[in-house]
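The values are calculated or read from the model by the stated rules, or taken from the named source; none is laboratory data. Please read these numbers as outputs of a predicted model, since none were measured by experiment. Reconstructed Cβ throughout: ideal geometry from the backbone, glycine too, with neighbour counts over all protein chains shown. Surface accessibility is based on the protein's heavy atoms, side chains included, excluding ligands, DNA and RNA. Shrake-Rupley method; radii C 1.70, N 1.55, O 1.52, S 1.80 Å.
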Amino acid sequence: MPIDYRKTVARLEGTCTVEEAEELLQWLQANPQGKVNLKECGHLHAAVLQVLMAVRPPLSAEPSDPFLARWVTPAITGT
Amino acid sequence: MNPLLKQFVEETREFLEDAASGLLALEKDPTDRDAMDRVFRAMHSTKGGSGLFDFDPMTDLMHQAENLLDEVRQGERPLQGALVDQLLDVLDQVNRWIDAIERDEVLPPDAAAASQALVDKLRHAAGDTVDTAADADAAPVAEPVAPDTPTPAPPVEDAGWQPEWLAAIPDAQRREAVMAAWQDGAELALFEFQPESGAFFTGGDPLLLVRNVERLVWLAIEPATPWDEPESMDAYDCRLRFRGLASSGADAVAAEFAFEDEETLRCERVPADALVFAGGEPGDATMLEEFLASAPELHAAGDHTALRRSAEAMATLVSPDIREGSALAWLVVALDADRQDHVAALLRELGVAVTTPSAQEPEPEPEPEPDPDYTEAAPASVAAVGPVGDAAPLAGESRADVSAIDPQAVRAVMQEQLAMLGAVDTDDAAAAGHVAAAGRVLKRALVALGEADDAVDTALENAAKGDLEPLRAVVQGGAQGVPATSAAPAVETAGGERSTKSFRVDAESIDFLGDLVGELVVAKNSFPFLAERAEHEYGVRDLARELKERFNVISRIAQDMQGAVMQVQMLPMAQIFQRFPRLVRDLSRRLDKQIELVQEGEQTEADKTVIEVLGEPLTHMVRNSIDHGIESPEARQAAGKPAQGTIRLAARQEGEHVIVEVEDDGGGLDPAALRRKAVDKELISQAEAERLTDQESLQLIFTPGFSTRDAVSDLSGRGVGMDVVRSTVNRYGGSVSVASEQGRGTRLRLAMPLTMAVSYVMGVEVAGQLFGVPMESVVETVRLPESAVRKVKQEEAVVLRDEVIPLRRLDKLLMLDGAQSDRRARVDATYDEPQVTVLVVRQPEGPVGLVVDDFQEGLDVIVKPMEGVLASIRAYSGTALLGDGRVLLVLNLRELL
Amino acid sequence: MTRVLVVDDAQTVRLYHRELLEQDGFDVDEAVNGLEALERLADTPYDLLLVDVNMPRMDGYTCVRRVRTDGPDIGVPVIMVTTEGAAGDREQALSAGANLHMAKPVQPEVLLSRVRLMSGVLS
């Protein structure tokens, strides 16, 4: 269960694979106010990253993984 | 945008225009060496410029185009229509890139692909199948440019890869990389990785590949093309692009992407030197004073330790986000690595005058720098500023009155002298008189302008023999305003010792200056109001008088400034005309018509605003001529005309107007058909139609809702007709007229004021409101006894000096409440009976009297065209702000009456 | 003193021009038609002529053409002022030998500035 969909937050955990991209996109489409928690995410597939970059949901927690925190978070938040 | 890049954008636009016009000339006459040289030169210069900024796709494309053209030039390849089409496409593409560069300072992400596509097409158009492969394999940057001219491209062998996005790498990361290179000898590599769109289906994870790059110093993840809306997004269409900088070396980086090819990955070494430049915007440098005071000495003495200490201390005080802070941080790095070349450059960047210490043998400067910002400090010549021509008559020796005449008016008068000379034959008995009179006026004009008049005599002698050219040169001689978008060549005067320097000014600054002067002219209008108040409200007459005197002084200065700015804002008609050869060519091809375009008077100058306003209407008129005017070649031959039609586009100056004519030798307008159409469309009644003369019928084309063809045509249709042309032109104080002979052709004539900056209007009061009437249409103002008004049926009229003048009540015309017009018929001490106040205005049909409540004085105002929904109210030509803050509506009498 | 000859059959116009120009320091003479203008020119040198078109006995065009052909000062600057402002006026005035054509109503400032320039008062 790499992505745990709660009511308003999707929690990404461990390594998110390419298969998760479509489901995440649908959840974000259905929950326009939905947030994403990346705290426990170790790596995410480029397809998942692309969904996050295009939809730009607010992050309820930033990743603790240094690579993601340093280079991927800015791409998602646009900073 | 830094000045260098700005310069590049402006200049390249000019090159592209040159190239396009040259190509069209070449297509007409392939033996035109001059045109060929022009195109070649323009393309070559464009390429040279793009090379300077690492706009590789642009350089590649221009290179390919230039090669092809060179083969044509050498006679190895014919110049067919298809090749011209392709070359024009290339120019269009480069134009779009230039727009993007102006906006974003970089090429759009798809530039490389677009460039490649066009390069392929060019080869195809040229029928080149021989060495395609060889060309395609050549690395774009390493590709040698034409051997005859050295281009400022970086030295190929050691440049590595220096893409334009180098500048996007933040200071801190660049410093980290450079320190790794200088201190640890690391090899730096740049990579750009753009997986193909189906990459997600092949199972790999592009982000994982990037993640595995060792010693990654910087990474940017961006969409290669803009995202779709989330609702329509395809999660598996890969759009990502990764750009990065690593200090593990190009080979190591490339190894991580083992299965990618050059389509998706570019990874190359980048020299550390290319990363050394101060980032950020220049900021407040006052903190630096102390450092600047001591640095030159320390540097000259070679005391690097002290210099470093000083720089480091200073760096803690200045924000690293501004240019100066960044330069200081870099300085410390460069000093640590003992890179004297960079130390010197960075000191210069900081504003320190650097003298190379004699003991130190300087290494060759690592030029050229990849980032244009970096070179900003060095070539001050880019912004070198000379005097703005000598046209402004500010010379001190002239009488004070000189300032009362604006230089532009002087030029207009001078221009008329040419017209006068052109209006007489050389063997006419009056010819000598014409020449003498023109000579006298020209000399006086030149003196008034403060220009030398010694060339006039010789030019007059030539004029007497019928050669007006030298005189024309004299008239235009000093008229080197500096049109913002064209280069004014250095002009040598007759003596040859004095030359007018020119420099480029970007159009926006001039607009801004023009606006400011306009505001000043209006703002000064508040003085009379103030004087009025001083006198009547506060009872200080002396102050009022003094205010009026000061007002006169400021008025005169403002007028001078206005004249000077207007002179600068003059642009040649060529600005608009240059688009027409292409338009005529493309449209006539599409319509299978043969049309030759003849242009005259491209050098006629007019105010920038006028030129801008003329563009649309003229384009529409030319399209009309192509579409409706010129017949098909078959129809023309059947009518006994040459198969090729001619459209003549001519501009000239007449007095203070610029006249543009669009004339075709096509089928002409059929007055009877025009009348029928107007009746069919219920624009006029049958009875009205029968009363119209043929000449009057032609005017129907200006009626709203009239179109000469049933089907809205692809070209000139779109529901926009000549009525829009007319209302646009009218709105700016111009006029348009038509003349046509059936079977022979049509001529449309546009007349626009040369300038439109400030208008002189008369204020009139109606129903308690103030309106403006353009002074040039006012004939006179009279007060008459009410009994002098005669009623003929519903119409009112008065007789003035034996002439019957129809009266119109302005309050009714404007649908204002007449009851408020208490002063319309008024009795006061000087009159025994009620008086009406009448403003007699000139109209094409004869004078008309407007009944108003009262007149006001004449006012200098800046009339701004109506905007938004108001623009459709035709009764007004614009609004103007008065000195006391009120808004004045300026009447459009033509529409109103 | 800079001397201007105003040629117009309408007294009001002559007076108006006289006042306008005298206020500005010019010396003004008047003539009521082309013929009288030629007579005046024969014995007085002028710095500039301000000429109307429609006048009895000799119109402005003929007058200016005669000046340009026979003098005595064939090069005297001439401003012609016409009433209608119809197309062709300017061409006719210029080909007759006028240095400048202005259509009525003329703004006083504009007229003054042209007279100043062309009469050489600025030189």
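Largest first, how would B:R874, B:R41, B:R440, B:R77 line up by accessible area (1.4 Å probe)?
Result of the area sort, largest leading: B:R41, B:R874, B:R440, B:R77.
What does the C-alpha gyration tensor say about the overall shape of the stretch C:3-117? Classify as rounded when a/c is under 1.5, otherwise prolate if a/b is larger than b/c, or oblate.
Values: a/c = 1.36, a/b = 1.05, b/c = 1.29.
Rounded, because the longest to shortest axis ratio a/c is under 1.5.
Through the Karplus equation 6.51 cos²θ - 1.76 cosθ + 1.60, θ set to phi - 60°, convert the phi angles of the stretch A:50-61 into ³J(HN,Hα) values in whole Hz; use x for Gly and Pro.
4, 4, 5, 5, 6, 8, 6, x, x, 9, 7, 8
If you count, for each residue, the other Cβ atoms within 10 Å and average over each peptide, how do B:216-223, C:53-60 line up from highest to lowest?
Packing proxy ranking, top to bottom: B:216-223, C:53-60.
If you count, for every residue in B:438-448, the Cβ atoms of partner chains within 10 Å of its Cβ, what is the mean?
Mean inter-chain Cβ contacts per residue within 10 Å come to 5.
How many Cβ atoms of partner chains, on average, are near each residue of B:236-243 if near means within 10 Å of its Cβ?
3
Any idea what the relative contact order of the stretch B:277-340 is, in percent, if you count C-alpha pairs under 8 Å spaced at least 6 apart?
After rounding, I find 44 percent.
What FRET efficiency would be calculated for the residue pair B:R744, B:A875, taking the C-beta separation as r and a Förster radius of 35 Å, to the nearest 0.05?
Efficiency computed from Cβ-Cβ geometry: 0.40.
Step through the table entries B:K677/B:K812; B:K465/B:K608; B:K608/B:K677; B:K593/B:K677; B:K28/B:K121, compare each Cα-Cα distance with 28 Å, and write down the pairs that go over it.
In this structure, B:K677/B:K812; B:K465/B:K608; B:K608/B:K677 lie more than 28 Å apart at Cα.
Can you give the FRET efficiency for B:S294 and B:D506, using 1/(1 + (r/R0)^6), R0 = 45 Å, r = Cβ-Cβ distance, to the nearest 0.05?
0.75
Please give the peptides B:837-846, B:661-670 ranked by average Cβ packing (other Cβ atoms within 10 Å per residue), highest first, as a rough proxy for protection. Present the calculation step by step, with values, prior to reporting the outcome.
Numbers: B:837-846: 16.7, B:661-670: 22.0.
Packing proxy ranking, top to bottom: B:661-670, B:837-846.
Could you pull out every residue, at least 5 positions away or on a different chain, whose amide H is within less than 5 Å of the one on B:Y876? Hs are placed 1.01 Å off N in the peptide plane, and Pro or chain starts have none.
B:N892
With labels modelled as points extended 7 Å from the Cα through the Cβ direction, what inter-label distance (nm, one decimal) is found for C:D29 paired with B:T225?
Calculated label separation equals 8.4 nm.
Need one value: the accessible area of B:D811 in square angstrom, 1.4 angstrom probe, rounded to the nearest 10.
My reading of the accessible area for B:D811 is about 10 Å².
Rounded to the nearest 10 Å², what accessible area does B:Y876 have for a 1.4 Å probe in the complete protein model?
That residue has around 40 Å² of solvent-accessible surface.
Could you tell me the relative contact order of chain C? Use alpha-carbon pairs under 8 Å, at least six residues apart, and round to a whole percent.
Once normalised by length, the contact order is 23 percent.
With θ set to phi - 60°, apply the Karplus curve 6.51 cos²θ - 1.76 cosθ + 1.60 along the stretch B:549-563 and write out the HN-Hα couplings as whole Hz, x wherever there is a Gly or Pro.
My calculation for the stretch B:549-563 gives 5, 4, 4, 5, 5, 5, 4, 5, 5, 4, 5, 4, 4, 4, x Hz in order.
Among residues other than B:R541 whose Cβ falls under 11 Å from its Cβ, what is the net charge (Lys/Arg +1, Asp/Glu -1)?
Here the count lands on -1.
Relative to the Cα centre, what is the charge dipole magnitude of chain C, using +1 at the beta carbon of each Lys and Arg, -1 at the beta carbon of each Asp and Glu, and rounding to the nearest 20 debye?
Dipole magnitude for chain C comes out near 280 debye.
Any chance you could run the full-extension gain for B:D89 through B:R309? It's 0.36 nm times the residue separation minus the Cα-Cα distance, nm to one decimal.
Gain on stretching B:D89 to B:R309: 73.5 nm.
In nm, give the distance between the simple-model label positions of A:K39 and B:A255, each being 7 Å from the Cα along the Cα-to-Cβ direction.
Each label point lies 7 Å from its Cα, and together they span 3.9 nm.
Per-residue mean of other chain beta-carbon atoms within 10 angstrom of the beta-carbon, peptide A:48-61? Could you put the intermediate results ahead of the total?
Details: counts 4, 5, 14, 5, 0, 6, 10, 4, 2, 1, 0, 0, 0, 0.
The mean count of partner-chain Cβ atoms within 10 Å per residue comes to 4.
Quick one: order B:D560, B:D467 from most to least accessible surface, probe 1.4 Å.
B:D467, B:D560
With unit charges on the beta carbon (Lys/Arg positive, Asp/Glu negative), name the residue among C:S113, C:G97, C:V76 whose Cα is farthest towards the positive pole of the charge dipole of chain C.
C:G97
How would B:T426, B:T879, A:T73 rank on accessible area, largest to smallest, probe 1.4 Å?
Ranked from most to least accessible, the order is B:T426, B:T879, A:T73.
What's the extension gain from B:Q695 to B:T31 if we count 0.36 nm per residue and subtract their Cα-Cα distance? Intermediate values should be presented prior to the final figure.
Details: separation 664, 0.36 × 664 = 239.04 nm, distance 4.53 nm.
Full extension from B:Q695 to B:T31 adds 234.5 nm.
Charges only on Cβ, +1 for Lys and Arg, -1 for Asp and Glu: so what's the dipole of the stretch B:164-275 about the Cα centre, in debye to the nearest 20? Write out the running numbers ahead of the final one.
Working: 9 positive and 23 negative charges, 99 e Å.
The calculation lands at about 480 debye.
Between B:E537 and B:Q183, what is the label-to-label distance in nm when each label sits 7 Å out along the Cα-to-Cβ direction?
Roughly 7.1 nm, to one decimal.
What's the ranking of B:228-241, B:443-456 by average number of surrounding C-beta atoms within 10 Å, highest first?
B:443-456, B:228-241
Report the antiparallel proportion of the DSSP beta bridges in chain A as a percent, rounded to a multiple of 5.
Antiparallel bridges: around 25 percent, rounded to the nearest 5.
Amide H of B:Q599: which non-local residues (sequence gap of 5 or more, or other chain) have their own amide H closer than 5 Å, using H built in the peptide plane?
Placed amide hydrogens put B:L649 under 5 Å from B:Q599.
For B:V779, what residues show an amide H to amide H distance below 5 Å, using hydrogens built from the backbone and excluding near sequence neighbours?
For B:V779, whose amide H was placed from the backbone, the distant partners under 5 Å are B:V840, B:V841, B:R842.
³J(HN,Hα) across the stretch B:640-653 via Karplus (A = 6.51, B = -1.76, C = 1.60, θ = phi - 60°), whole Hz, x for Gly/Pro?
Rounded to whole hertz, the list is x, 9, x, 4, 8, x, 10, 10, 10, 10, 10, 10, 7, 9.
How much length would be gained if the chain were fully extended between B:D237 and B:E780, taking 0.36 nm per residue of separation minus their Cα-Cα distance, in nm to one decimal?
On the way: separation 543, 0.36 × 543 = 195.48 nm, distance 7.49 nm.
Contour length minus the Cα-Cα distance gives 188.0 nm.
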